[in-house]
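The values are calculated or read from the model by the stated rules, or taken from the named source; none is laboratory data. Computed from a predicted structure; not experimentally measured. Reconstructed Cβ throughout: ideal geometry from the backbone, glycine too, with neighbour counts over all protein chains shown.
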Amino acid sequence: MDAILILGFVTLQRLGELVLSNRNTARLLARGGHEVGRGHYPFMVALHALWLAGLWWLAPGRPVSLVLLVVYGLLQVMRVWVIASLGRRWTTRIIVLPQAPLLRRGPYRFLAHPNYVVVAAEIAVLPLIFGLTGFAVLFSAANALILWVRIRTENAALGIGAARREMRA
């Protein structure tokens, strides 16, 4: 399989997800939702855009690891499961619907943030498919920093930390 085909698929997938996210964001805001963490969002978008652009620049012509390509394919199954589980509440932004309960279906039964687990794995695995280890490490570290901020922001907005503390008490 060629890097151009793989990156073309990922690019089209991400663009489609942005359309879905924007549609869902508009619906959530229309239902009384409000955005949290707007300040870090441009940095997250920039990181993902640079990651994909860097892959388009470095990956073409490189050999492809079929084993890691299969792993990436399994991550895409997980991605679809996450998005389908959240349905119209899935977005790339943190939108809080007042009084709406946290969803506990699909992968959210097992993890508080399965989407971020999938994204972190994708950021590492896709470059590794093309043997770009340093690129994978660099962007994984940058993503970890952004996720540290984002997860703390999201947990605070959704009251996830408070709910866990209550469960332990």
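Quick rundown of the values:
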{"read-out": "Filter result (closer than 11 Å to residue 92 by Cβ and basic (Lys, Arg)) within region 1-40", "value": "14"}
{"read-out": "When residues of region 51-63 are limited to those that are surrounded by fewer than 18 Cβ atoms within 10 Å (Cβ to Cβ) and touching a residue at least 40 places away in the same chain (Cβ under 8 Å), the one nearest to residue 28 (Cα to Cα)", "value": "52"}
{"read-out": "Residue in region 2-22 that is in contact (Cβ under 8 Å) with a residue 40 or more places away in the chain, closer than 23 Å to residue 138 by Cα and in a loop (DSSP other than H, G, I, E, B) present", "value": "no"}
{"read-out": "Residue check, residue 17 touching a strand residue (DSSP E or B) at 6+ places or on another chain (Cβ under 7 Å) and more than 19 Å from residue 135 (Cα to Cα)", "value": "no"}
{"read-out": "Among (1) surrounded by 12 or more Cβ atoms within 10 Å (Cβ to Cβ); (2) more than 15 Å from the chain's Cα centre (by Cα), the one test that residue 45 misses", "value": "(2)"}
{"read-out": "Subset of region 73-91 that is in contact with a helix residue (DSSP H, G or I) (Cβ under 6 Å, 6 or more places away or on another chain) and in contact (Cβ under 8 Å) with a residue 60 or more places away in the chain - its residue that is farthest from residue 147 (Cα to Cα)", "value": "88"}
{"read-out": "Helices (runs of 4 or more DSSP H) lying entirely in region 64-169 (those with 2 or more residues that are surrounded by 18 or more Cβ atoms within 10 Å (Cβ to Cβ) and modelled with pLDDT of 95 or more)", "value": "66-86, 114-129, 133-158"}
{"read-out": "Residue selected from region 20-50 under the condition in contact with a strand residue (DSSP E or B) (Cβ under 7 Å, 6 or more places away or on another chain) and not hydrophobic (A, V, I, L, M, F, W, C), by the criterion modelled with the highest pLDDT", "value": "25"}
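Okay, residues lined up against (1) of a type in the set (S, T, N, Q); (2) touching a Phe, Trp or Tyr at 6+ places or on another chain (Cβ under 8 Å):
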residue	(1), (2)
78	no, no
83	no, yes
89	no, no
106	no, yes
119	no, no
132	no, no
136	no, no
140	yes, no
